[in-house]
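I have placed the structure first, in the form of structure tokens, so that the comments after it can refer back to it.
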Amino acid sequence: MPEMAAPESLPIRPVGCIWAPMSSIVYEYPLPILERHLDTFGHVNNATYLEIFEEARWDAITRGGYGLDRIKATGQGPVVLECTVRFRRELTSRVNVTVVSRVTGYAGKIGRMHQEIRLPDGNVACDADFTFGFFDLQKRKLIEPSPAWLATFGLTVEDWQAGASG
């Protein structure tokens, strides 16, 4: 795959949005690319990138104190609403990568997260922007984020309110 210019590394802000600046925790998730990640071309399959990003998000929210046990106990948790993925460089077997994740904005019930899969030399192999919400499993609808959910990313209710009024 030809080398493509990578966007600026984190922090990144959505273009054309009025999101307040967010200073969230940046999570790093190391991962070796294994043979099970590969397709018949010998590189990571496009759908597998989404699995890798998902794995890193679960690691981040679990380390942040809002893992599956908390979701089950509260009946509230994150849902992905949209994603945009950009493939920058080929990923092949036995490369150790780091997935970097951080919230870039939150307004009302809607949050944004940017994730990058970084090669050992720091270059970005793939990056993605996710739009997500906080979901009530019993009401089956999006709800405003709880203080505990915001704290997962090092955000406060004040940060969220600034984003909502942004």
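The values are calculated or read from the model by the stated rules, or taken from the named source; none is laboratory data. Note that the structure is predicted; figures quoted are calculated from it, not measured. FYI the Cβ positions are ideal-geometry reconstructions off the backbone, even for glycines, and counts take in every protein chain you see.
Odds and ends about this structure:
- Which numbered condition P21 fails, given (1) loosely packed, with under 13 Cβ neighbours inside 10 Å; (2) closer than 26 Å to F134 by Cα; (3) modelled with pLDDT of 95 or more: (3)
- Consider the stretch 101-111 and keep the residues that are over 18 Å from I143 (Cα atoms) and touching a Lys or Arg at 6+ places or on another chain (Cβ under 9 Å). The one that is surrounded by the fewest Cβ atoms within 10 Å (Cβ to Cβ) is T104.
- Restricted to the stretch 122-151, and to residues there that are small (G, A, S) and in a strand (DSSP E or B), the residue that is surrounded by the most Cβ atoms within 10 Å (Cβ to Cβ) is A125.
- Looking only at residues of the stretch 152-166 that are assigned to a loop (DSSP other than H, G, I, E, B) and of a type in the set (S, T, Y), we find that the one that is modelled with the highest pLDDT is T152.
- Contacts under 7 angstrom Cβ, first residue in the stretch 43-59 being part of a strand (DSSP E or B), partner polar (S, T, N, Q) and at pLDDT 95 or above, 6 or more apart: H43/T92
- Subset of the stretch 57-67 that is of a type in the set (D, E, K, R) and surrounded by 14 or more Cβ atoms within 10 Å (Cβ to Cβ) - its residue that is farthest from the chain's Cα centre (by Cα): D59
- Of all residues in the stretch 122-148, those satisfying the criterion of being in contact with a Lys or Arg (Cβ under 9 Å, 6 or more places away or on another chain) and closer than 30 Å to I33 by Cα are N123, V124, A125, C126, D127, A128, D129, F130, T131, F132, G133.
- Filter pass, R112 being closer than 19 Å to E28 by Cα and touching a Gly at 6+ places or on another chain (Cβ under 6 Å): yes
Here's the yes/no breakdown for (1) of a type in the set (K, R); (2) at pLDDT below 95; (3) closer than 28 Å to L142 by Cβ; (4) within 18 Å of the chain's Cα centre (by Cα):
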position: V15; (1), (2), (3), (4): no, yes, yes, yes
position: L34; (1), (2), (3), (4): no, no, no, no
position: A47; (1), (2), (3), (4): no, no, yes, yes
position: D69; (1), (2), (3), (4): no, no, yes, no
position: V80; (1), (2), (3), (4): no, no, yes, yes
position: S93; (1), (2), (3), (4): no, no, no, no
position: V99; (1), (2), (3), (4): no, no, yes, yes
position: M113; (1), (2), (3), (4): no, no, yes, yes
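- Residue match in the stretch 91-100 (condition: surrounded by fewer than 15 Cβ atoms within 10 Å (Cβ to Cβ), outside any strand (DSSP E or B) and free of Cβ contacts under 8 Å to residues at least 24 places away in the same chain): no
- D69 vs. criteria in a helix (DSSP H, G or I) and over 24 Å from S23 (Cα atoms): yes
- Residue pairs whose Cβ atoms lie under 9 Å apart, sitting 6 or more positions apart in sequence or on different chains, and linking a residue in the stretch 132-158 that is within 23 Å of R63 (Cβ to Cβ) to a partner that is of a type in the set (D, E) and part of a loop (DSSP other than H, G, I, E, B), are F134/E144.
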